[in-house]
Amino acid sequence: MLKVLKFRYFLLALVLIGCGENPEKKQTDGSINEENATQKVVLDTDKKVILFYGNSLTAAYGLDTKEGFPNKIQQRLDSLGLAYNVINSGLSGETTSGGLNRLDWVLNQPVDIFVLELGANDGLRGIPISETMNNLQRMIDMVKKKNPETLIILAGMQIPPNMGEDYTAQFKEMYPALAESNNILLIPFLLEGVAGIPSLNLEDGIHPTAEGQKIVANNVWEILKTIVLPLQKTEVNEEVSIEALN
């Protein structure tokens with residue numbers, strides 16, 4: 001019961017912070033602008049690109065971006081000798097509507113793996129499931145249209161029952177439904193093992209600490225590794241087995 005209450009507090013607070021995000025802090029919260037996004041690609045054009053597209057969770061709100069899960073993924077890839085550049089395109093307070101509006105610019109750069117982490121702010125604001133689902137679908141379609149070879153991973157989220165049991169259940173089911181209908185990979189719940197645990201969240205009680213971000217990174221890696229290890233197996237070293245890279 002205590003865990004349920006903590007989880008409800010975590011996500012209820014998130015909507016308050018998400019709605020009241022200070023635009024002037026977006027860049028310092030880990031979001032990207034045109035200049036640094038371009039720099040990342042130009043530095044290593046020989047590497048494949050993984051783009052994390054989401055809200056404050058992806059942006060590593062309240063932390064140095066080096067402590068966020070996207071950078072933890074970059075460190076894991078580097079340690080395995082896998083030729084990937086990770087781009088953090090997280091924007092604090094982002095909804096699926098906002099994400100849809102800025103996606104066209106983001107896709108101007110080449111992307112090999114696209115990790116879509118949006119929807120939580122929609123759910124906490126009570127936006128109709130059909131609207132959120134439609135926005136997510138349109139983003140998936142845009143990525144596929146831009147480059148049919150881009151692999152997409154959808155990060156699942158959950159919300160407390162404040163909006164009613166039906167809405168909560170439909171929101172949770174939306175992610176696996178989209179993943180199945182689009183034949184894309186799914187991270188069942190991005191914040192598994194972190195949401196509602198005070199020691200793994202900042203003082204605001206809603207954003208992961210550096211330790212919490214490590215757990216989120218592991219949740220992401222469990223799915224991401226099924227793509228990057230097989231893809232890179234022959235490119236890195238044909239004699240290195242997938243098991244040896246785990």
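The values are calculated or read from the model by the stated rules, or taken from the named source; none is laboratory data. Computed from a predicted structure; not experimentally measured. With ideal geometry, Cβ positions are generated from the backbone for all residues, glycine too; neighbour counts draw on all protein chains shown. Areas reflect the complete protein model, heavy atoms only, side chains present, ligands, DNA and RNA absent. Shrake-Rupley method; radii C 1.70, N 1.55, O 1.52, S 1.80 Å.
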Quiz item: So how far apart, in nm, are the two label points at Glu131 and Glu180 if each is 7 Å from Cα heading toward Cβ?
Solution: 2.6
Quiz item: To the nearest 20 debye, what is the magnitude of the charge dipole of segment 90-214 about its Cα centre, counting +1 on the Cβ of each Lys and Arg and -1 on the Cβ of each Asp and Glu?
Solution: 320
Quiz prompt | Pairs of Lys in segment 48-228 closer than 26 Å at Cα, counting only those 8 or more apart or on different chains | solution = 18
Self-check item: Highest to lowest packing among 86-97, 218-229, scored as the average C-beta count within 10 Å
Solution: 86-97, 218-229
Exercise. From the P(r) of segment 65-148, can you give the percent of Cα pairs sitting at distances over 14 Å?
Key: 67
Quiz item: Ignoring any ligand, DNA or RNA, what whole percent of the accessible area of segment 48-228 comes from carbon and sulfur when the probe is 1.4 angstrom?
Solution: 50
Quiz item: Separation between the Tyr167 and Ile223 pseudo-spin-labels, each 7 Å from Cα along Cα→Cβ, expressed in nm?
Solution: 2.4
Quiz item: Amide H to amide H, which residues 5 or more places from Ile87 or on other chains are under 5 Å from it, using H placed in the peptide plane?
Solution: Ile50, Leu51, Phe52
Quiz prompt | Gained length - Lys144 relative to Leu202, 0.36 nm times residue gap less alpha-carbon distance | solution = 17.3 nm
